[in-house]
Amino acid sequence: MPRVIGVDIPPNKRLEIALQYIYGVGGTTSKKACAALKLDPGMKSRDLTEEQLAMIASYLQKEYAVEGQLRRQISANISRLREIGCYRGMRHRRGLPVRGQRTRTNARTRKGPRKTVAGKKSVKGMK
């Protein structure tokens, strides 16, 4: 398995798809990297030489924030929002949706499993 920036990329996939396994690299970025380094985006990643792997790694790290650097940058941005106490920071702190989604229904991914309220009567009990 070829390794680029500490990530095992799948050997039997096309290069433009395999590069997307790196955190912070999507379709557009992988195509730009292949074009800049004059690599065929359709070649399998197992056919890459060590020099080509090193070229890809150095290009991605020089041009883009990827993997650990990007993860640190995102967590620093979130912690800054929390510290200044803005609305988005408060939503992050409380574990609620940040981008304006409704929370009366849905939002279970952010809020977690339902917390049943004790003493609340059901519709059947009211009849």
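Points worth noting:
- Restricting attention to the stretch 1-22 and to residues that are touching a strand residue (DSSP E or B) at 6+ places or on another chain (Cβ under 8 Å) and open to solvent by 70 Å² or more (accessible area, probe 1.4 Å), the residue that is modelled with the lowest pLDDT turns out to be MET1.
- Selected residue (criterion: surrounded by the most Cβ atoms within 10 Å (Cβ to Cβ)) from residues of the stretch 94-112 that are within 17 Å of ILE78 (Cβ to Cβ) and among the aliphatic types (A, V, I, L, M): VAL98
- Residue within the stretch 35-50 that is of a type outside the set (Phe, Trp, Tyr) and closer than 17 Å to GLY68 by Cβ present: no
- Matching helices (runs of 4 or more DSSP H) fully within the stretch 22-127 where at least 2 residues are hydrophobic (A, V, I, L, M, F, W, C): 27-36, 50-63, 67-84
- Residue in the stretch 62-84 that is modelled with the lowest pLDDT, counting only those that are small (Gly, Ala, Ser) and open to solvent by less than 40 Å² (accessible area, probe 1.4 Å): GLY68
The values are calculated or read from the model by the stated rules, or taken from the named source; none is laboratory data. Keep in mind the model is a prediction, meaning the values are calculated, not measured. Note that each Cβ is placed from the backbone with ideal geometry, even for glycine, and that neighbours are counted across all protein chains shown. To get the accessible areas, we keep the full protein, side chains included, count just its heavy atoms, and leave off ligands, DNA and RNA. Shrake-Rupley method; radii C 1.70, N 1.55, O 1.52, S 1.80 Å.
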